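What follows is one structure encoded as structure tokens, with my remarks underneath.
The values are calculated or read from the model by the stated rules, or taken from the named source; none is laboratory data. Not measured: the values here are computed from a predicted model. Because the Cβ atoms are built from the backbone with ideal geometry, glycine has one as well, and the counts that use them run over all protein chains shown.
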Amino acid sequence: METKQKPVRVIAAVCRDMGIGKNGTLPWNLPSEFQYFLNTVTRVSKPGKMNLMVWGKVCWFSNPETLFPIPNNLHVVLSKTLSTVPDHAHFLCQDFESAILLATRPPLADLIETIWVVGGTQVYKEALDHPWCDLVYLTDIMADFDCDVFFPELDRGVFKEQERFPGVPGKIQEENGIKYRFQVFKRQAADAV
């Protein structure tokens, strides 16, 4: 069966020690940063197209139900233990590769534009290792927070920070006394051996 390659993109906000969460919630309150997240993952090239958001089970259940629906997105939750698709989600897959295949084969192949990976740690790690992962949207929260969940190590030899990126504010932002900046890292072409 033919598969249509799709861009796999990672999006996260991390504090100084690469923390991304604490007790199932975000340890910071940055509504504008969260709006940037929503604006980024809902962008499609034309009406009728959709993106596929890939969630780890814990990450999915840590969000309030009021977050859903997210425009222009279908949701797949990864879990080896759930037997039914959670409320507000559209699909359930046992592993990351199954979620990728879901987006690249009929009936979704012609519908899905971008696969957005939104956490948690293990799902991020698998996405960063995937050859189709071309961009990492990482908000640098320039402060220390107590976290119990962390973003995996980002190989700066593979992913290079972009100086400017379309649609991404370049200046340091500040909200509720917390400074942060939006970063985009792009996968570098593998050097010829």
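Regarding the range 114-127, can at least one residue be identified that is over 14 Å from the mean Cα position of the chain (by Cα), at pLDDT 95 or above and either charged (D, E, K, R) or within 30 Å of Asn176 (Cα to Cα) (or both)?
First, pick out the residues of the range 114-127 that are over 14 Å from the mean Cα position of the chain (by Cα): none.
No, the conditions are met nowhere in the range 114-127.
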I'd like the full set of residues that are under 14 Å from the mean Cα position of the chain (by Cα) and hydroxyl-bearing (Ser, Thr, Tyr), limited to the range 45-88. none
Tell me yes or no: at least one residue of the range 98-113 is part of a strand (DSSP E or B), modelled with pLDDT of 95 or more and surrounded by 12 or more Cβ atoms within 10 Å (Cβ to Cβ). yes
The range 33-58, residues that are surrounded by 13 or more Cβ atoms within 10 Å (Cβ to Cβ) and over 23 Å from Lys6 (Cα atoms): Glu33, Phe34, Val58
Which condition from (1) in contact with a helix residue (DSSP H, G or I) (Cβ under 9 Å, 6 or more places away or on another chain); (2) of a type outside the set (Phe, Trp, Tyr); (3) without any contact (Cβ under 8 Å) to a residue 40 or more places away in the chain; (4) assigned to a helix (DSSP H, G or I) is the one that Cys59 breaks? (3)
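Would you confirm whether any residue within the range 144-151 is hydrophobic (A, V, I, L, M, F, W, C), more than 18 Å from Val10 (Cβ to Cβ), touching a residue at least 24 places away in the same chain (Cβ under 8 Å) and assigned to a loop (DSSP other than H, G, I, E, B)? Give the steps one after another, and end with the answer.
Taking the range 144-151 as the starting set, the residues that turn out to be hydrophobic (A, V, I, L, M, F, W, C) are 145, 147, 149-151.
With the extra rule that they be more than 18 Å from Val10 (Cβ to Cβ), the set shrinks to 145.
Okay, now just the ones that are also touching a residue at least 24 places away in the same chain (Cβ under 8 Å), so 145.
Right, trim to assigned to a loop (DSSP other than H, G, I, E, B) and you get 145.
For the range 144-151, residues hydrophobic (A, V, I, L, M, F, W, C), more than 18 Å from Val10 (Cβ to Cβ), touching a residue at least 24 places away in the same chain (Cβ under 8 Å) and assigned to a loop (DSSP other than H, G, I, E, B): present.
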Out of the residues in the range 3-47 meeting the condition of being without any contact (Cβ under 8 Å) to a residue 60 or more places away in the chain and part of a loop (DSSP other than H, G, I, E, B), tell me which one is nearest to Val76 (Cα to Cα). Thr42
Among (1) over 14 Å from the mean Cα position of the chain (by Cα); (2) over 21 Å from Thr121 (Cβ atoms) - the single one Thr42 does not satisfy: (1)
Single residue of Gly167, Gly157 found to be in contact (Cβ under 8 Å) with a residue 60 or more places away in the chain, exposed (fewer than 11 other Cβ atoms within 10 Å of the Cβ) and out of contact with any Leu (no Cβ under 9 Å at 6 or more places or on another chain): Gly167
Regarding Ile141, is this residue more than 29 Å from Ser32 (Cα to Cα) and crowded, with 20+ Cβ neighbours inside 10 Å? no
Within the range 170-185, track down each residue that is in contact (Cβ under 8 Å) with a residue 60 or more places away in the chain, of a type in the set (S, T, N, Q) and outside any loop (DSSP other than H, G, I, E, B). Gln173
